[in-house]
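J.: Here it is: the structure, laid out below.
We did not get these values from a lab; they are worked out from the coordinates using the rules stated. All values reported here derive from a predicted model rather than from experimental measurement. Neighbour counts run over all protein chains shown; Cβ positions are idealised from the backbone, glycine included.
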Amino acid sequence: MNFDWDSNKAGINIMKKVSNGELTDDLRPEYDFSKLKGVRGKYAKRFQAGTNLVRLTPDVARFFPDENSVNSALKSLIGITQAQLHHAH
């Protein structure tokens, strides 16, 4: 499998093909991903199950201690919106 990153779309050039078909790494040295502590596939099962994962910005996340509080707030907002739509018609 060959990867061809489009640097024009991404604004960066991480990898590019060389004439023999191999990839070269053009990643800047200051981007050291070896120090990241992510877990590969951590959310894979949720993703396959069709769960929507949303990353909240820190200013919003501080109001929600867990996923249940986020879902409760969103359900309330949906209820309010639907009620307003029904009253408008």
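J.: Order the peptides 28-40, 72-84 from the highest to the lowest mean number of other Cβ atoms within 10 Å of their residues.
T.: 72-84, 28-40
J.: Could you put V60, V70, V54 in order, starting from the residue whose Cβ has the fewest other Cβ atoms within 10 Å?
T.: V54, V60, V70
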